[in-house]
Amino acid sequence: MSAGGATLAASLNAARRARELAITAERGRADLLVVGGGVTGAGVALDAAARGLSVVLAERGDLASGTSRWSSKLVHGGLRYLARGEVGIAYESAAERGLIMERIAPHLTRPLPMIYPWLPGTSLGSKALTRVGLAAADQLRRAARTSRQTLPGPRHLTRAEALTMVPCLRRDLTGGMVTWDGQLTDDARLVVAIARTAAAHGAVILTRCEASGLAGDGAVLTDTLTGNSFRLRAGAVVNAAGVWAGQLTGGVPLRPSRGSHLVLADAAFGGLRAGVLAPVPGERARFVFALPVPGEPRVYAGLTDEPADGPLPDVPEPTPGEVAFLLDSVSGMLDVPLSRSDVLGAFAGLRPLLAGPAAGHRAGPAGDEAGPAGGGATADLSRKHAVLTSPDGVITVVGGKLTTYRRMAQDAVDAALAGRPARPCATRGLPLVGAADRRALARVRAPARLVAKYGTEAPAVLALTGGGPRLAEPVACGTPVTGAELAFAVRHEGALDASDLLDRRTRIGLVQADRQDALAAAERAIAQG
Ligand SMILES: Cc1cc2nc3c(=O)[nH]c(=O)nc-3n(C[C@H](O)[C@H](O)[C@H](O)COP(=O)(O)OP(=O)(O)OC[C@H]3O[C@@H](n4cnc5c(N)ncnc54)[C@H](O)[C@@H]3O)c2cc1C
C-alpha cells in the first residue's frame with residue numbers, strides 16, 4: 001500500500017499514534033515493551049517485530065531525542081578499537097558497517113574518503129602506525145565480506161594528491177594516506193527509518209510516552225501530551241534508555257562521557273569533499289577530524305571525550321574549552337586557520353559507556369568484557385555493549401554504538417526470549433524503508449540530495465512539491481530543505497511538533513539562525529498536517 005510512493009504501513013503520524021495509544025491502553029499487554037526510542041530501542045523494536053512478537057516502544061520525547069542525534073554520523077569499522085587491541089569489537093563494527101552499507105540502509109550511507117595528512121612533525125613511527133592500522137582495518141573489511149566497491153582499500157597519497165583531494169590542507173604537508181569509511185546522511189534519520197520499518201512489521205511506536213515503574217513483567221506508560229497513564233503488562237521489558245538507563249532500574253554501571261562537535265561553514269574549507277583527520281597530540285588512537293555534511297553546505301568538526309559525571313542534562317552542551325580545543329586542533333591541519341566567525345553552531349552528546357562489572361546483574365551475551373571501573377579518562381573505557389538482567393527481570397541493553405545497533409538489538413531480544421520458542425533474528429538481511437541497492441538508487445527519479453535522505457521514497461517527497469510554491473522552496477536561506485520535506489515528515493515520519501521537524505527529521509536546528517528562519521514554516525507544516 002502506498003501514498004504517492006510512501007509506504008503507508010511504515011507511516012508514523014499523530015493520527016496513528018493516537019489510535020495505537022488507545023488500543024494499547026485498552027489491551028493492556030504486549031509480548032515486549034521497549035523503553036527508549038534511540039537507535040538501540042528502535043533496533044530492538046524492529047528485531048522483535050520481525051520475529052513476529054507484539055511490540056510496544058515507549059519514548060518519552062521524540063525518536064532520537066537522546067544521544068542518537070548527537071553522534072559523528074559515521075558507520076565505522078572500528079579502527080580505534082583495533083589500535084587498542086580490541087579486535088572482537090573492531091570486527092563486530094566492521095561486520096555491522098558492511099550490513100548497513102550494503103543491505104540495510106544503502107540509501108542513508110555513503111563511502112567517505114578519509115585523509116590522514118602527514119603534517120610537519122608527524123613522526124616516522126606515527127606514519128608507520130597509521131599505515132599498519134589502516135591495512136589491518138582493511139583486513140577486517142575483507143573478513144566482514146564488505147566489497148571493495150563499497151569501501152576501497154587504503155593507499156598512500158603524494159603531497160600533490162593530498163592537496164588535490166583536500167585543497168584547504170597546509171601547504172607544508174609531505175603526503176598522507178587515504179582510506180574509506182561509512183558516513184550516514186544523518187543519525188536521527190537512521191533512527192526514524194528503523195522505527196518506521198519496525199512499525200511496518202507491526203510494532204507500536206509511541207513517542208511522548210514515558211515509562212516508569214519498570215519491572216520484568218511491564219511498566220506504567222504516561223502519555224506526556226495528556227498526562228494519562230496506564231499499566232502495560234509485557235512478556236519482557238527491554239530498557240534501552242541510553243545514559244538514562246540507570247535511572248529506570250538498579251545496578252547499571254554507567255560512566256557517561258561527553259563528546260562535542262562544531263558545525264562550520266563549508267566555505268571555510270573551500271568545499272570539503274573528504275574527511276580529514278589528525279592525531280590528538282599525546283593521546284593514543286584519538287583524532288580530531290573535519291567531515292563534510294552530506295547535502296548541506298556544512299562541515300562537522302569533532303571530537304572530544306570528557307567525563308560527564310553528575311546530573312544528566314536532556315540536551316548537553318559543549319564547554320567553551322571544548323569549542324576552543326576543536327577550533328585550534330582542526331585549524332592545525334589547515335592552510336588558513338579557522339576563526340570563531342566560522343563556527344555556525346556546536347553540539348554535544350553523552351556516550352552511555354559501561355564503567356565496570358554489573359553488580360547484581362546477570363551478564364548477557366556481550367556483557368563479559370566491560371571496561372575498567374571507577375574514575376580516570378572516559379576515552380579509555382570500552383565501547384563494547386552489554387545486555388544485563390536485573391533481579392526484577394528488566395533487561396537493559398547499553399553501551400556500544402550506533403554502528404552496532406542491530407547486533408545490540410539481536411542480543412537484547414535473544415535475552416528477552418531466553419528459553420521461549422521464537423523465530424530467530426531476521427534483521428541481517430532486512431532493508432529499512434526506502435532502501436535499495438546502489439544501482440537501483442542511482443535510477444530513482446529524484447535529485448541525489450533527496451535520494452540520500454529518502455531512498456526509494458524520494459519521488460513521494462518530490463511529488464509533494466507540486467502542492468504549492470511554499471512546498472517547493474527552501475524553508476531557510478542556509479539550508480536546501482524544502483517545505484515538502486517538512487510535510488512528508490508530518491505525514492509519514494512521526495513529527496509531532498516544530499522541534500521534531502527542525503531538530504531531528506531535518507538538522508536545520510544545528511544552526512540557530514537557520515532554525516529561527518525556518519520556525520514559521522515548521523509551525524505551518526504541523527498545523528496543516
Ligand atoms: C559525540 C558522540 C559521537 C558518536 N559518534 C558515533 C559514530 O560516529 N558512530 C557510531 O557508531 N556511534 C557513535 N556514537 C555512539 C552512539 O551515538 C550511541 O552509542 C548511541 O546513539 C546510543 O543510542 P541509545 O539508543 O542507546 O541511546 P539514546 O539515543 O540516548 O536513546 C535513549 C532514549 O531513551 C529515552 N528515554 C529515557 N528515559 C525514558 C523513559 N523513562 N521512558 C521512555 N523513554 C526514555 C530518551 O529520551 C532517549 O531518546 C557517538 C556518541 C557520541 C556521544
Verdict on V299 being of a type in the set (A, V, I, L, M, F, W, C) and either in contact with an Asp or Glu (Cβ under 9 Å, 6 or more places away or on another chain) or part of a loop (DSSP other than H, G, I, E, B) (or both): yes
Meets criteria (surrounded by 24 or more Cβ atoms within 10 Å (Cβ to Cβ) and in contact with a His (Cβ under 6 Å, 6 or more places away or on another chain)) for A58: no
Any hit, the range 119-132, residues being in contact (Cβ under 8 Å) with a residue 60 or more places away in the chain, in contact with a Lys or Arg (Cβ under 9 Å, 6 or more places away or on another chain) and buried (at least 19 other Cβ atoms within 10 Å of the Cβ): no
Per-region count, the range 401-454, residues part of a helix (DSSP H, G or I) and over 22 Å from the mean Cα position of the chain (by Cα): 7
Among residues of the range 477-511, those that are of a type outside the set (S, T, N, Q), in a loop (DSSP other than H, G, I, E, B) and surrounded by 24 or more Cβ atoms within 10 Å (Cβ to Cβ), counted: 4
Close pairs (7 angstrom Cβ cut-off, 6 or more residues apart or separate chains): under 11 Å from A484 (Cβ atoms) in the range 450-474, among the charged types (D, E, K, R) and surrounded by 21 or more Cβ atoms within 10 Å (Cβ to Cβ) anywhere: V461/E485
Out of V398, V394, V433, sole residue that is within 18 Å of E92 (Cβ to Cβ), in contact (Cβ under 8 Å) with a residue 40 or more places away in the chain and either more than 16 Å from the ligand (Cβ to nearest atom) or surrounded by 20 or more Cβ atoms within 10 Å (Cβ to Cβ) (or both): V398
From the options E26, E92, residue that is among the charged types (D, E, K, R) and either within 27 Å of T146 (Cα to Cα) or not in a helix (DSSP H, G or I) (or both): E92
Filter result (of a type outside the set (D, E, K, R), near the ligand (Cβ under 6 Å from one of its atoms) and in a loop (DSSP other than H, G, I, E, B)) within the range 40-89: G61, S65, G66, W70, S71, S72, H76
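Just so you know, all these numbers are worked out from the coordinates, no wet-lab data involved. Owing to the predicted nature of the structure, the values given are computational and were not obtained by experimental measurement. Cβ sites come from the backbone with ideal geometry, for glycine too, and all protein chains shown count toward neighbours.
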